[in-house]
Amino acid sequence: LNTHEWVSMNLLRQAGVSVPNSIPVNSGEAAARAFRELQHGDEGQDVVVKAQVLAGGRGMGTFTNGYKSGIHMTSSEQEASQTAMKMLGQRLVTKQTGAEGLPCDTVLMMERFYLRREMYFSILLD
């Protein structure tokens, strides 16, 4: 089973695991609305825009339109919308995708956390 980040986060949330607030979107207009919702009235709060592509290395990837990175911090509705529009409908090329890349049809708008350390979780059933 290989799921997009937003699907996995919803499953974890349903199981009672604390995860950042996030909203999957598929348009620039929806990204602006999600930005407002995730700010919770705190105008200084950044919102992360993350390409939803089933590959690692999204932050170091490049879209076929030349846009760099599948993960961006945004500080305004306009910036969030513009960032989402540069990703949506494009193909993201990473070390794991091959030269053709993978399509980005959804981006995840997520509240930003300032982490002291980052950990990854994986389950393998045999």
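Miscellaneous remarks
- Reported count of residues in the stretch 71-126, each being open to solvent by 70 Å² or more (accessible area, probe 1.4 Å), in contact with a Pro (Cβ under 9 Å, 6 or more places away or on another chain), at pLDDT below 95 and of a type in the set (K, R), is 0.
- Residue in the stretch 105-116 that is polar (S, T, N, Q) and touching a residue at least 60 places away in the same chain (Cβ under 8 Å) present: yes
- Verdict on V49 being touching a Leu at 6+ places or on another chain (Cβ under 9 Å) and assigned to a loop (DSSP other than H, G, I, E, B): no
- For the stretch 6-17, the criterion of being touching a residue at least 12 places away in the same chain (Cβ under 8 Å), part of a loop (DSSP other than H, G, I, E, B) and open to solvent by less than 30 Å² (accessible area, probe 1.4 Å) is met by no residue.
- Scanning the stretch 67-89 turns up no residue that is farther than 30 Å from E43 by Cβ and among the polar types (S, T, N, Q).
- Subset of the stretch 37-54 (residues that are in contact with a strand residue (DSSP E or B) (Cβ under 9 Å, 6 or more places away or on another chain) and open to solvent by 20 Å² or more (accessible area, probe 1.4 Å)): E37, Q39, H40, Q45, D46, K50, L54
The values are calculated or read from the model by the stated rules, or taken from the named source; none is laboratory data. On a predicted model such as this, the values are computed, not experimentally measured, just so you know. FYI the Cβ positions are ideal-geometry reconstructions off the backbone, even for glycines, and counts take in every protein chain you see. All accessible areas refer to the heavy atoms of the entire protein, side chains included, with ligands and DNA or RNA removed. Shrake-Rupley method; radii C 1.70, N 1.55, O 1.52, S 1.80 Å.
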